[in-house]
Amino acid sequence: MARARNIKPSFFQNENIVELSFEARLLFIGLWTLADREGRLENRPKKIKMSLFPADDINVAEQLENISKLGFIELYNADDIDVIQIVNFVKHQNPHGLEKDSELPDQNGIYTVYHRNPKNKTITGNVVLVTKTELKDFYDKTDNFSANKASVNNENSFQVHDSNGNNGNENTEEHLDNSSETVLISDRNALNPESFNLNPENNNCSSDDERTHIQNSNEKLFEEFWNVYPKKQQKKTAFEKFRKINFKKYPFEKIMRALEQQKNSSQWLKDNGQFIPMPSTWIHQERWNDLLELPPNLTLHEQPPLPDFSKFIELRGDW
């Protein structure tokens with residue numbers, strides 16, 4: 001299903017993108033509308049051509065390779081599915097809360113799913129990463145809608161549907177392919193040109209500047225966290241958890257102070273760090289809130305007594 005996505009003016013000034021042909025640039029933009037909420041779609045050049053260029057003679061497969069060489073997309077096969085991954089898609093796009101979970105795996109065969117409100121199907125929780133074998137179990141336990149429950153096959157990732165128009169409230173009726181209900185989605189910002197920032201330093205939109213700054217800041221903070229955390233495993237999963245932290249509620253400084261304290265705790269030092277939790281687990285469980293027990297040989301010192309100034313007062317005399 002084709003979806004409304006955002007594009008920024010800086011896209012057209014990106015010095016790497018301008019190396020691509022007109023066809024490749026337009027194809028790259030079109031891929032955003034065909035991709036799911038994680039920026040993935042099946043690598044099916046003929047179907048992509050029929051969706052984006054039905055009346056043009058364009059070699060989509062060749063142009064996909066050209067875009068891939070510049071690092072804007074990744075082409076891979078996982079779970080016997082040829083997939084296109086748009087790099088940094090989740091940083092620059094804000095999919096609607098009702099948009100269904102991706103049916104396609106990442107390069108490691110991991111699927112990205114979400115907990116949802118059972119009444120209106122909006123996302124309510126953090127991202128959950130599962131394998132293909134865990135996918136059905138996740139939907140069975142959470143009663144979330146999936147492709148199977150919605151009777152949607154794998155080809156729906158970029159089927160084009162005509163809009164039903166808009167109403168007096170300037171809303172577009174969009175039949176989401178993951179629900180049998182018609183959902184009203186505001187199109188007020190659907191064509192906002194200030195959202196796909198490939199050149200953030202040249203953007204003059206304060207709200208998007210702030211969002212981009214936060215995204216870049218999260219990456220820097222995570223690298224600082226990662227350099228300090230003693231167990232270096234599952235970095236990608238840890239970052240997915242890290243970027244969901246509410247730093248207004250839990251300041252980064254507090255998290256790092258707790259980490260430094262726990263690094264030196266007897267539990268973490270025991271048996272060469274055998275009991276150090278995985279970084280993704282530590283973040284997901286908000287373990288920075290754990291209270292450390294003091295070692296038995298360490299006690300809190302009482303405040304030392306104040307010095308006796310009486311002798312100095314006697315010696316002072318009548319100054």
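Taking other C-beta atoms within 10 Å as the exposure proxy, Asp106, Asp290, Asp36 rank Asp290, Asp106, Asp36 from fewest upward. In region 71-117, the C-alpha radius of gyration followed by the widest Cα-Cα span (Dmax) gives 11.8, 36 angstrom. Look at His92, His284 and count the other Cβ atoms within 10 Å of each Cβ; fewest to most, that gives His284, His92. Cβ crowding within 10 Å, taken as a proxy for footprinting-reagent exposure, orders Ile123, Ile84 from fewest neighbours to most as Ile123, Ile84. The label-point distance for Asn117 and Asn272, in a model that sets each label 7 Å from Cα toward Cβ, rounds to 5.1 nm. Summary value for region 206-289: 38 percent relative contact order, contacts being C-alpha pairs under 8 angstrom separated by 6+ residues. For Asn66, the shell of other residues with beta-carbons less than 11 Å away shows a net charge of -2, using +1 for Lys and Arg and -1 for Asp and Glu.
Every number in this text was worked out from the coordinates using simple rules, so none of it is lab data. Nothing here was measured: the structure is a model prediction, and the numbers come from that model. All Cβ positions, even for glycine, are placed from backbone atoms using ideal geometry, and neighbour counts span all protein chains on display.
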